[in-house]
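Let me begin by presenting the structure, written as structure tokens, before commenting on it.
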Amino acid sequence: MEQINKQAVIFYFLLLLYALLSNYSLGYPPNIYAVVGNLLLLAFNLSKYLFLTVLLFHSLICSVYIPEAIFYGSPSVGIIASLFETNAQESWEYLQSLPIYSYVISLLFLLFAIGFAVFALKVKPSPMKKTTVITLICLITVAVLYKPWSNYHKGKGFQLSDTRVSLIGFYWVNYQLIKEYQRQKAEMSAVKNQQSTWEISAVNPKYENYVVIIGESMRADYLSMYGYPIETTPFLAKTTGLIIDGYISAAPNTQPSLARTLYLYKENDTQFQNNIITLAKQAGFKTYWLSNQGFSGEFDSVAARVGAGSDKPHFTQLSSDSININDKTLLQIFRTELQESDDTPKLFVLHLMGSHPLFCRRIDIAPSIRFKNDEMSCYLESLRQTDALIRNVVDLVKTESNNNYSLIYFSDHGLSHREKESEQGTLQVGNEHKENYQVPFIRISSDDSERKILKTQRSAFNFIYGFAQWLGIQEKTLSNGYQFFSEKPDDVKVFNWHQNIDFNQLPSDPAIMQ
């Protein structure tokens, strides 16, 4: 009897520890609700088979998600979109970019869960009275529903996804997020052949050729064009043009950021049929989309969907098993398309791989700067590589278009430091700091005579307004008096994967100086 009691005490202690650790493993803070709402206790007393099935399945899910939870917290639509839309190569590179210790923690948790399961086989469940079962069910119900009910009374609506019991909340949240992702994807598919609703009243393009270059993962504070002491952007740091010092991306990773940048985004809704390509085409521009990011499936990423609607789309990577291709591959395609003799004004969009982690795979030469470690050295070199590509694009458009052009470059999002003080520190996608959103923006035109820096906060949510003004397009929805290229600052909100938040309330994560 003493042995049985001792086993029971150890079992309940391990069950308590498992509840707290599994909650944390899925991005939920350890809390009393996770303990009180522990369904495993009820499952154990009902059936050992049920208990072991739930325990091992949930533990496997926790182990897989732990690396995500460490850096990104609880699930979000950004994580779901990346899961469905990232190709095999990008997925492998992402897994390699995570630190070893995250996998060690994952493995240790799985071993703990297996050990707990083996121990539980030796413990004989105590018979539970009917009143005890009812009490336990009531406690679990209260623990699961307390937070959703509390939010409901605060006017936030009742959402089961708000529960702090991960054994319920994690799966319900993912179910809701997958439904939302599929809804958005269905909307994108539905508008593939749907006509835009732009109402254009006038078109007065100033230039023959317009070029948009979309960068990747470039933080503004690591660029010498914004004063970083290491020469990372020698061309952009000296060229004439208009620089916005304060351009803020809409979100901290590619999919949600470009969904709010390249499309008309109003009242928390992306109008997929109304985007930069449909606007330019309806205004009479011939459109080209040159992408080194590729697509998976049938143009199912937000950027590829825009590009697929252009007059002449080019994707260097056409399958989920794409190989690593350097951005400069786009230059020859760009040169060929530029040489088309046509009086129609043209819009070219170049979508780069840029500084996408892993950084050393993005460069085609050894880093010319030694900085902190190999990954950080490669990051700085990838910035120089993008700077050189922009210079080459400018040189080509000068030569091939009678020096009549205008070009805009911006990056889709920034990055966060990981293990900043460590010798192995690097950069990764994150959503908690200003620098996840502070990115470069420059406009270079053939008739620029000076270098002008516009020090003002400008939101990427408003890019499409500036895009129309840049192309000389007057459109009913976009002609509301707002001036993108003015000194008047925007009230900047950013989408942090969960909701729109005030950018200025975020903490800073400044660049490392040599």
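Values quoted throughout were computed directly from the atomic coordinates according to the rules given, and no laboratory measurement underlies them. Just so it is clear, the structure is predicted and the values come from calculations on it, not from any experiment. Neighbour counts run over all protein chains shown; Cβ positions are idealised from the backbone, glycine included.
Length gained on full extension, Val9 to Thr456, computed as 0.36 nm times the residue gap minus the Cα-Cα distance: 154.7 nm. Phi angles across the range 494-505 convert, under the Karplus curve 6.51 cos²θ - 1.76 cosθ + 1.60 with θ = phi - 60°, into 3J(HN,Hα) values of 10, 8, 9, 5, 10, 7, 7, 10, 6, 4, 5, 8 Hz, Gly and Pro given as x. Residue separation of Thr141 and Val64 scaled by 0.36 nm, minus their Cα-Cα distance, works out to 25.0 nm of gained length. Only helical runs count toward this figure. For the chain, summing -39,500 (n - 2.57) over DSSP H runs of n ≥ 4 and dividing by all residues gives -13500 deg cm²/dmol at 222 nm.
Placing unit charges on each Cβ (+1 for Lys and Arg, -1 for Asp and Glu) gives the chain a dipole about its Cα centre, and among Val494, Thr232, Phe359 the Cα reaching farthest toward its positive end belongs to Val494.
Sorting Tyr49, Tyr465, Tyr222 from the fewest to the most surrounding beta carbons within 10 angstrom yields Tyr49, Tyr465, Tyr222.
For Lys147, a cut-off of 20 angstrom between C-alpha atoms picks up these lysines, skipping any fewer than 8 places away in its own chain: Lys156.
Taken about its Cα centre, the chain carries a charge dipole of roughly 1740 debye when the Cβ of each Lys and Arg holds +1 and the Cβ of each Asp and Glu holds -1. Among Leu279, Leu108, Leu20, a tally of other beta-carbon atoms within 10 Å of each Cβ gives an order, fewest to most, of Leu108, Leu20, Leu279.
Computed from Cα atoms, the angle from the helix 2-25 axis to the main principal axis of the chain rounds to 10 degrees. A simple spin-label model places pseudo-atoms 7 Å from Cα toward Cβ; at Gln332 and Phe84 they are separated by 3.6 nm. Note on the chain: Cα Rg divided by 2.2 N^0.38 Å, N the number of residues, gives 1.11.
I'd like the orientation of helix 166-190 relative to the chain: the angle between its Cα long axis and the longest Cα principal axis, in ° from 0 to 90, rounded to 10. Approximately 30 degrees, to the nearest ten.
Quick one: if the Förster radius is 56 Å, what FRET efficiency do Lys206 and Tyr103 give, using the C-beta to C-beta distance and rounding to 0.05?
On the way: r = 54 Å, r/R0 = 0.96.
My answer for the efficiency is 0.55.
The label point for Asp448 and the one for Val133, both projected 7 Å from the Cα toward the Cβ, are 7.5 nm apart.
For Phe485 and Gln176, the difference between the fully extended length at 0.36 nm per residue and the C-alpha to C-alpha distance is 107.4 nm.
In this structure, the pairs whose alpha-carbon distance is over 28 Å, taken from Lys281/Lys493; Lys372/Lys434; Lys130/Lys179; Lys286/Lys488; Lys346/Lys493; Lys266/Lys455, are Lys281/Lys493; Lys130/Lys179; Lys286/Lys488; Lys346/Lys493. Farthest toward the positive end of the dipole of the range 401-470, out of Gln469, Phe410, Gln428, is the Cα of Gln469, where the dipole comes from beta carbon charges about the Cα centre.
Karplus-based coupling profile of the range 113-120, in residue order and whole Hz: 5, 5, x, 4, 5, 4, 5, 4, with θ = phi - 60° in 6.51 cos²θ - 1.76 cosθ + 1.60 and x standing for Gly or Pro. Amide H contacts of Glu475 (H built 1.01 Å from N, in plane; Pro and chain starts excluded): Ser201 sit under 5 Å, all sequence-distant by 5 or more or on other chains. On the beta carbon distance between Thr53 and Ala388, with R0 = 56 Å, the FRET formula returns roughly 0.50. Within the chain, Cys62, Cys138 have no other Cys Cβ under 4.7 Å of their Cβ and so lack a disulfide-compatible partner by this rule. Of His58, His356, His351, the sequence from fewest to most neighbouring Cβ atoms within 10 angstrom is His58, His356, His351.
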